[in-house]
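The values are calculated or read from the model by the stated rules, or taken from the named source; none is laboratory data. Only a predicted model underlies this, so the values are computations on that prediction, with no experimental measurement involved. Reconstructed Cβ throughout: ideal geometry from the backbone, glycine too, with neighbour counts over all protein chains shown.
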Amino acid sequence: MAASSTDAAIAVTRLGLGARPGEIARVAADPRAWALDQIRPEGAPQPAGPFADSGQRMAAFLDYQGDRGQRAGASADAEAVRTARQAARRALTDDTAQAFLTRARLGATTADGFAERWALFWANALTVSAVKFDSGAFIDLYEREAVRPNVFGRFADLVVAAEQHPAMLLYLDQARSTGPDSPAGTRRKVGLNENLAREMLELHTVGADAGYTQADVTELARALTGWSIPRPQDRQAAPGRDRARRAALAVEPGPNGFVFRANIHEPGPRTVMGRTYVQRGAAQGEAILRDLARHPATARRLSRRIAAHFVSDTPPETLVARLERAWTRSDGDLGQVARALIEAPETWTPQPTKIKTPYEFIVSTHRALDVPPQRIQPLRQALVEMGQPPFAAPSPEGWPDTAADWAGPDALVKRLNWARTAAETARTADIAAAARDALGDRLSERTRLAVARAESRTEALTLLLMSPEFQRR
C-alpha cells in the first residue's frame, strides 16, 4: 500500500477518534489536508439536538435554587417543596445525560474527527466537572458555548469564555467570592474564594513553574470578585426602595449567563506577576487573564500538553518547540497551533504510543462498527466501570491520558468485558474487512491471523477490539 495509506491510518486514529468503514481509503488521497480542512473559524462541530439555551437552562436552575431556598411552615408544604426540588434536579440531570449521549453520537459519526478530538482536548484542559451538581447542570452548555466555538481562535478568547461561563464559576466556587472591602463585604461576614484564581494560574495558563506566588493568587482572586451568575432574587420584581437598592448593586449581564456584581468586587488596583492593573469592575480580572493567556510560560506549558496528548506521553522536544513557536508567533492563534501539529513530521511516526481513554475506546469501537450509541444508560455504565464517568473528571486537572493511568491489569479486564459484550451484539458480518477498515496499514499480521483463526465471530471481533493496535493510537 502507498505511504499515504499509512498516513491515512495514522490521521484518523491518532488525530481523529478512529476510523469508520471506508474512511481510511477516503482520507488516503491527502491525510494532512483531511485534518487541515477541519481548522475553521467557526470552531468545532456542535452536537445536534433540541438543547436548552443558556437562558432556558439558567431559568430552570434558578427555579431549582429557589425551591431549595424555600422554608415551608407546614409539613405538607415542606413535602411539596422537597418533591419540586427533586423533580427540578432530575430534569437538569436528565438534560445533561442526554447531551452527553448526543456528544458521544457526534464522536461516533462525525467526518471531522480531528476537530472533535481538538475540542475534547480543550474541554479537558480547561476542565469543568459534574462531580458538583451545580456545575454539572451547565457542563454541556459549557462545551457548546465556551469551548467549541473558540477552539480554532485566540487562546485568550477561549480562556475568557471558559472562565466566565456559569459552569466554571460554579465548579470553582467563584460565584459568591466577595471582596472584604467591597460594599457587600463590609456589611456581611463573607469572604474571598481563591479557587478560580489558583486554577487559572496553575492549570489554565502559566503553570506552577512560572514563578507566581501566593500573593499573586490572592491578588488575582480579588480582581475576580464580582464574577458571578444570576440568583433567584435577581428575578423578583419589587417596587420602590428595593428596586432602587438592586439597581445600586450594578449587576451587569454578560454572555451565556455571566453577570458582574459590582457590590462584591474588591476595589483598588491589583498587582499580579509584577504587573499592576488599574482597570475597574469586570475589566480588571479579564485584563489579567488575557495577559496570562499571552504569557510565554502559557505557550510553553500548553504546547507540551498538546504534544503529549496527540503524540506521546513523553513528547519529542522538537515537536513541543515547534508548537510553542507557532503559538508565540501567532499570539496564541489555536488554528495556527493546530496547523503546526498537523504539519509536524513527529506527528506522523508510524509507531502508536498513546493508550486510548475509555471514552476514546468506546467511541472508536462505535465508529469501527458503524453504529452510534443508542441509549445513555449502557454508555454511562460502561464508562463508570472503566473509570471515566460522563462529564465527571475527578479534579480540575481533568482526565489523564497516559498509559500509566489507563493500562493497568484491572482496567484491561474491564475493557475486555465490554469488548466481548459489544462483539456479541454487533451485526458486523465480515470481521476481517472490519479489521482492515478500522486499522488500515496499522493492522499487524499477528492480529490479522488471530482474527482469521478465531473460533467464532464474537471471538474474532473481541480479539480485534482488544488488539494492541486498536487499543493504541
Report every pair of residues separated by at least 6 positions or lying on different chains whose Cβ atoms are under 8 Å apart, first residue within the stretch 188-216 and closer than 16 Å to Thr178 by Cα and part of a helix (DSSP H, G or I), second of a type outside the set (A, V, I, L, M, F, W, C) and modelled with pLDDT of 95 or more.
Asn195/Asp173; Asn195/Gln174; Leu196/Glu163; Leu196/Asp173; Leu196/Gln174; Leu196/Ser177; Ala197/Thr218
Given the conditions (1) loosely packed, with under 13 Cβ neighbours inside 10 Å; (2) over 23 Å from the mean Cα position of the chain (by Cα); (3) modelled with pLDDT of 95 or more, which single one is not true for Gly408?
(3)
Taking the options Val27, Val81, name whichever one is hydrophobic (A, V, I, L, M, F, W, C) and modelled with pLDDT under 95.
Val81
Being in a helix (DSSP H, G or I) and either out of contact with any Leu (no Cβ under 9 Å at 6 or more places or on another chain) or farther than 22 Å from Asp53 by Cβ (or both) narrows it down to one residue among Ala162, Ala99, Ala123; which is it?
Ala123
When restricted to Ala215, Ala210, Ala197, the only residue loosely packed, with under 15 Cβ neighbours inside 10 Å and in the same structural domain as Val259 (by TED's automatic domain parsing) is Ala215
Tally time: how many residues in the stretch 128-140 are assigned to a loop (DSSP other than H, G, I, E, B) and surrounded by fewer than 23 Cβ atoms within 10 Å (Cβ to Cβ)?
3
Every residue from the stretch 20-51 that is small (Gly, Ala, Ser) and buried (at least 16 other Cβ atoms within 10 Å of the Cβ):
Ala28, Ala35, Gly43, Ala44
Name the residues in the stretch 273-292 that are under 21 Å from Ser228 (Cα atoms) and in contact (Cβ under 8 Å) with a residue 24 or more places away in the chain, would you?
Tyr277, Gly281, Ala282, Gln284, Gly285, Glu286, Ile288, Leu289, Arg290, Leu292
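In the list Arg154, Arg148, Arg85, which residue meets the criterion of being among the charged types (D, E, K, R) and out of contact with any helix residue (DSSP H, G or I) (no Cβ under 6 Å at 6 or more places or on another chain)?
Unique residue meeting the criteria: Arg154.
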Six or more apart or on different chains, Cβ atoms under 9 Å: show the pairs whose first residue is in the stretch 142-166 and farther than 18 Å from Glu116 by Cβ and whose second is part of a helix (DSSP H, G or I) and of a type in the set (Lys, Arg).
Ala156/Arg290; Asp157/Arg290; Val159/Arg290; Val160/Arg290; Pro166/Arg57
Anything in the stretch 376-391 that is under 17 Å from Lys132 (Cα atoms) and either of a type in the set (Ser, Thr, Tyr) or part of a loop (DSSP other than H, G, I, E, B) (or both)? List them, or say none.
Gln388, Pro389, Pro390, Phe391
Positions within the stretch 55-78 being at pLDDT 85 or above and charged (D, E, K, R), in sequence order:
Arg57, Asp63
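Consider Leu17 carefully, then state whether it is surrounded by 14 or more Cβ atoms within 10 Å (Cβ to Cβ), at pLDDT 95 or above and among the hydrophobic types (A, V, I, L, M, F, W, C). Spell out the reasoning first.
On the way: surrounded by 14 or more Cβ atoms within 10 Å (Cβ to Cβ): yes; at pLDDT 95 or above: yes; among the hydrophobic types (A, V, I, L, M, F, W, C): yes.
For Leu17, the condition - surrounded by 14 or more Cβ atoms within 10 Å (Cβ to Cβ), at pLDDT 95 or above and among the hydrophobic types (A, V, I, L, M, F, W, C) - is met.
Kindly indicate whether any position in the stretch 392-414 is part of a loop (DSSP other than H, G, I, E, B), charged (D, E, K, R) and in contact with a Ser or Thr (Cβ under 9 Å, 6 or more places away or on another chain).
Yes, the stretch 392-414 contains at least one residue that is part of a loop (DSSP other than H, G, I, E, B), charged (D, E, K, R) and in contact with a Ser or Thr (Cβ under 9 Å, 6 or more places away or on another chain).
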Search result, residues across the stretch 322-343 that are on the phi < 0 side of the Ramachandran plot, surrounded by fewer than 20 Cβ atoms within 10 Å (Cβ to Cβ) and touching a residue at least 12 places away in the same chain (Cβ under 8 Å)
Arg325, Thr328, Asp333, Gly335, Arg339, Glu343
Residue that is nearest to Tyr212 (Cα to Cα), among those in the stretch 294-336 that are within 18 Å of the chain's Cα centre (by Cα) and aliphatic (A, V, I, L, M):
Leu302
Search result, residues across the stretch 390-409 that are more than 25 Å from Arg304 (Cβ to Cβ) and touching a residue at least 40 places away in the same chain (Cβ under 8 Å):
Pro390, Phe391, Ala392
